[in-house]
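Each remark here refers to the structure printed beneath this line.
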């Protein structure tokens, strides 16, 4: 009888184990009771499905620990979270460009981190081709964390804390850069922002409704912005020139493609959480949304490769009256996902417990 | 005395066991690839200021780093069938003697008329996310800002270089837009036999000067650095023919 019970229990465990994987079918990756990744109803299928990097609660927790740990930077002074702050949708508040070790200032604005599992390419110029290798740039750039992989792996291998955490997450103490990157991806890949007011309206959730200004803004948005900032990700992930300069100082997409036609093109950023993720543009030149809208209305330069969408008018840009700008701004604020910005699962656990090691 | 007889007996038994084991595995064999580095026929010495290597433009240079990937190693049988060695990638580094002798085990026994391999890392593995072993980005052969592996890296100095500190920085890689993947292939003078427990061995001489001769003349005053892109294609087109030559082939031996 005892044996029968044991077999039954083992069977249950097996089913529970299988469930984690069967979750792949409906794009929900579960670990026991914790849902770590679920495709929002109003989203397409993700590009990254944690293939070869099975999502687990321990993997996620390890990734979060690494994300918030300055041990990764050369002089142990900054962590990923220094430039990727949760309250700013994991962009960096008030910093036009990234701010690395030794007060080094980079050349580009820190991109926000959310819905990364829907992206094939990363960074303003799209140079990074896979979410798992996307942290390498910041980890090794002299002007960001300025470290190198052998040194980082060596530090982790010497840390009792990380030996234990890697053991729990990957069942090995043989820490290497692949496991470091996979763990970070288990954290960054699960940063999903899909609970803004906009989403609730789209999903017809109870009580969710645009007010008249937001509704007017949404109509304007669909007519004038949605071609590039395509719903529901609010970007079509393409590279375009929005007329910031006649000749851009930063070669942008050209750096990657070596095509002059791509000079000064940058990835269309998502507008989700745009209210809290300024400054704006690849170089953080605009401090607020009013400046951004005014750029589109009347401030646009006319480079040779200005995106054709800005060309039909008598002058480059998108004409927006003051009233329209107010309405658009009201709509853009419905893209702020307060649940995401304050989700305790994404916070620094040390800060929560007020205990640092 | 008794003890030593006992020990010898054990040693004999063990030796017998090992022989038996190998006989069973005689349907496959081992192939080793042994690399030697030269510049225009002269042995490559890293960081040697007295070396006076010269390119086809008569610019002098020295070499501080020379490393490259080879992958997709394929042997062609005398009957024309290609045998691809799966999941093999070697990172050969002139500064690391251990990397100069690479062994491939489990090569199907048989007669082969030729060998080919990819200089670099193929497309599938260039877009596969975080990897380990030979492809660990910690090996310093991965571009972090423009994802993908550096297939071949030569660094050094030339008085003619107009770069800072007269540096030469040739990092060749990229597939998608400017493709720098090249294939080396070679037909053996007589068939290579692989079988038994005596490894076959192929001696390969790699000529670093191949980057700077061939179809594109390289003038270090004008071209002293590539990080992928169109200029890396010029270098890859140069070395696709002259980088490797096979200087010796040693047959595998079958032992009973």
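Restricting to the range B:139-155, and then to whatever is over 12 Å from residue A:133 (Cβ atoms) and touching a helix residue (DSSP H, G or I) at 6+ places or on another chain (Cβ under 9 Å), can you tell me which residue is farthest from the other protein chains (Cβ to nearest Cβ)?
Here the residue is B:154.
Can you name the residue in the range A:63-81 that is within 14 Å of chain B (Cβ to nearest Cβ) and farther than 12 Å from residue A:147 by Cβ and, of all such residues, is surrounded by the most Cβ atoms within 10 Å (Cβ to Cβ)?
Ranking the qualifying residues of the range A:63-81, first place goes to A:63.
Would you say residue A:300 is surrounded by fewer than 16 Cβ atoms within 10 Å (Cβ to Cβ) and farther than 29 Å from residue A:40 by Cα?
No, not satisfied.
Any idea which of A:237, A:233, A:265 is more than 14 Å from chain B (Cβ to nearest Cβ) and in contact with a strand residue (DSSP E or B) (Cβ under 6 Å, 6 or more places away or on another chain)?
A:265
Looking only at the range B:98-110, decide whether some residue is out of contact with any helix residue (DSSP H, G or I) (no Cβ under 9 Å at 6 or more places or on another chain) and either under 25 Å from residue A:50 (Cα atoms) or within 14 Å of chain A (Cβ to nearest Cβ) (or both).
Within the range B:98-110, not a single residue is out of contact with any helix residue (DSSP H, G or I) (no Cβ under 9 Å at 6 or more places or on another chain) and either under 25 Å from residue A:50 (Cα atoms) or within 14 Å of chain A (Cβ to nearest Cβ) (or both).
If you take the residues of the range B:87-97 that are part of a loop (DSSP other than H, G, I, E, B) and modelled with pLDDT of 95 or more, which of them is farthest from the other protein chains (Cβ to nearest Cβ)?
B:94
Answer with yes or no whether residue A:44 is part of a loop (DSSP other than H, G, I, E, B) and within 13 Å of residue A:170 (Cβ to Cβ).
No; evaluated as a whole, the condition is false for this residue.
Regarding residue A:216, is this residue within 29 Å of residue A:302 (Cβ to Cβ) and not assigned by TED's automatic domain parsing to the domain that holds residue A:135?
In short, no.
For the range A:216-240, which positions are touching a residue at least 40 places away in the same chain (Cβ under 8 Å) and not in a loop (DSSP other than H, G, I, E, B)?
A:216, A:217, A:218, A:220, A:221, A:224, A:239, A:240, listed by residue number.
Out of the residues in the range A:116-136 that are at the interface with another protein chain (Cβ under 8 Å from one of its Cβ atoms) and assigned to a helix (DSSP H, G or I), state the one that is nearest to the chain's Cα centre (by Cα).
A:131
In the set A:134, A:73, which member is closer than 25 Å to residue A:156 by Cα and without any contact (Cβ under 8 Å) to a residue 60 or more places away in the chain?
Criteria check complete, one pass: A:134.
Among residues belonging to the range B:112-133 that are within 16 Å of the chain's Cα centre (by Cα) and buried (at least 19 other Cβ atoms within 10 Å of the Cβ), point out the one that is nearest to the other protein chains (Cβ to nearest Cβ).
The extreme case among them is B:121.
For residue A:208, work out the one condition from (1) in a loop (DSSP other than H, G, I, E, B); (2) modelled with pLDDT of 95 or more; (3) in the same structural domain as residue A:56 (by TED's automatic domain parsing) it doesn't fulfil.
Evaluating residue A:208 over (1) in a loop (DSSP other than H, G, I, E, B); (2) modelled with pLDDT of 95 or more; (3) in the same structural domain as residue A:56 (by TED's automatic domain parsing) leaves (3) as the failure.
Please give the helices (runs of 4 or more DSSP H) falling wholly within the range A:149-204 in which 2 or more residues are over 25 Å from residue A:345 (Cα atoms) and at the interface with another protein chain (Cβ under 10 Å from one of its Cβ atoms).
A:149-157
Looking at residue B:244 and the list (1) more than 21 Å from the chain's Cα centre (by Cα); (2) under 30 Å from residue B:29 (Cα atoms), which single condition is not satisfied?
Looking at each condition in turn, residue B:244 falls short on (1).
Within the range B:50-63, can one find any residue that is assigned to a strand (DSSP E or B), more than 14 Å from every other protein chain (Cβ to nearest Cβ), farther than 30 Å from residue B:221 by Cβ and touching a strand residue (DSSP E or B) at 6+ places or on another chain (Cβ under 8 Å)?
Among the residues of the range B:50-63, not one is assigned to a strand (DSSP E or B), more than 14 Å from every other protein chain (Cβ to nearest Cβ), farther than 30 Å from residue B:221 by Cβ and touching a strand residue (DSSP E or B) at 6+ places or on another chain (Cβ under 8 Å), which makes the answer no.
Filter the range B:192-243 for residues that are outside any strand (DSSP E or B) and within 14 Å of another protein chain (Cβ to nearest Cβ) and give the result.
Once the filter is applied, which keeps residues that are outside any strand (DSSP E or B) and within 14 Å of another protein chain (Cβ to nearest Cβ), the range B:192-243 yields B:228, B:229, B:230, B:231, B:232, B:233, B:234.
Quick check on the range A:45-61. Is at least one of its residues buried (at least 21 other Cβ atoms within 10 Å of the Cβ), without any contact (Cβ under 8 Å) to a residue 24 or more places away in the chain and more than 19 Å from residue A:155 (Cβ to Cβ)?
no
Please work out if residue B:53 is within 17 Å of the chain's Cα centre (by Cα) and modelled with pLDDT of 95 or more.
No; evaluated as a whole, the condition is false for this residue.
Does residue A:125 satisfy being modelled with pLDDT of 95 or more, within 27 Å of residue A:252 (Cβ to Cβ) and buried (at least 18 other Cβ atoms within 10 Å of the Cβ)?
yes
Of the residues that sit in the range B:111-138 and are on the phi > 0 side of the Ramachandran plot and out of contact with any helix residue (DSSP H, G or I) (no Cβ under 8 Å at 6 or more places or on another chain), which one is modelled with the lowest pLDDT?
B:133
Suppose the filter is in contact (Cβ under 8 Å) with a residue 24 or more places away in the chain and more than 13 Å from chain A (Cβ to nearest Cβ); does residue B:180 pass it?
Answer is no for this residue.
For the range A:60-105, which positions are touching a strand residue (DSSP E or B) at 6+ places or on another chain (Cβ under 9 Å) and assigned to a helix (DSSP H, G or I)?
A:60, A:82, A:83, listed by residue number.
Out of everything in the range A:241-262 that is in contact with a strand residue (DSSP E or B) (Cβ under 8 Å, 6 or more places away or on another chain) and outside any loop (DSSP other than H, G, I, E, B), what residue ends up being farthest from the other protein chains (Cβ to nearest Cβ)?
Applying the filter and picking the extreme gives A:252.
The values are calculated or read from the model by the stated rules, or taken from the named source; none is laboratory data. The model shown is predicted, which means the values in this text are computed figures rather than measured ones. With ideal geometry, Cβ positions are generated from the backbone for all residues, glycine too; neighbour counts draw on all protein chains shown.
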